[in-house]
Structures are given as structure tokens and as C-alpha cells.
Amino acid sequence: MSGFFPRIGRLLSVERQKVFGGRTLRLGALAVLGVAGLAWFSHDTTSEETAWTLTSSVLAAGLWAAEIFLLVAGTTAIAGESAQGTLKMILPHAYRRSDWILA
């Protein structure tokens, strides 16, 4: 148990570096904000519209874009791990599946 936390910490730092090191996260966040902004800019004003209904529709559009981004980012990450040989490199090491899932 004494080696558990340092091992998880190393894996977590590697995964954090992969996520925040690239430009994919920034481009995804920018795209989600862009979709939400476009939804706000292009909405049709009605007589029954309130600030809550407008906010709800803008956030729904942003959430839809975020779901698509996460789907694409996840599949790209898995494909990248396989294509770059990372999976072959980590298989001989003493990391358990639960360690990777926690990280």
C-alpha cells in the first residue's frame, strides 16, 4: 500500500500533462463557447421569452457541442495511444488496470 499513492501520482501527472499539454482542450473550449455565442446571437426573440429561457437554450447548444467534442477527443486519445505505441510500452510495467482507471 505504501507504493500505491506515488504510483497513482505518477500516472495522474502523465495523464494531466497529455490533456493540458496540447492545444486540443483549448480549441474544444473555444468551439463550445463559439457555439453558445452563435446560439445567443442567432436566436429569435419572442414575446414570451425570458432571460431564463434564453440562457437555457444557449447552454443547451453549448452542452451539445461539448458532448460532440468529448466524443471526438476521447476517440482521438484512444487511437493516439494505440498508434504511438504507448499501450505496448505500458503493458510490461507493473501498473494495474485499477491504477490507470484511477489516474
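Any read-out appearing in this document is the output of simple, stated calculations on the displayed coordinates, not a laboratory observation. No experiment lies behind these values; they were computed from the predicted model shown. Ideal geometry is used to build each Cβ from the backbone, glycine not excepted, and the neighbour counts take in all protein chains shown.
Based on the Cβ-Cβ distance from I78 to S57, what FRET efficiency comes out when R0 is 22 Å, to the nearest 0.05?
FRET efficiency, I78 to S57: 0.10.
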Self-check item: Most to least packed among 13-20, 40-47, 57-64 [average Cβ atoms within 10 Å]
Solution: 57-64, 13-20, 40-47
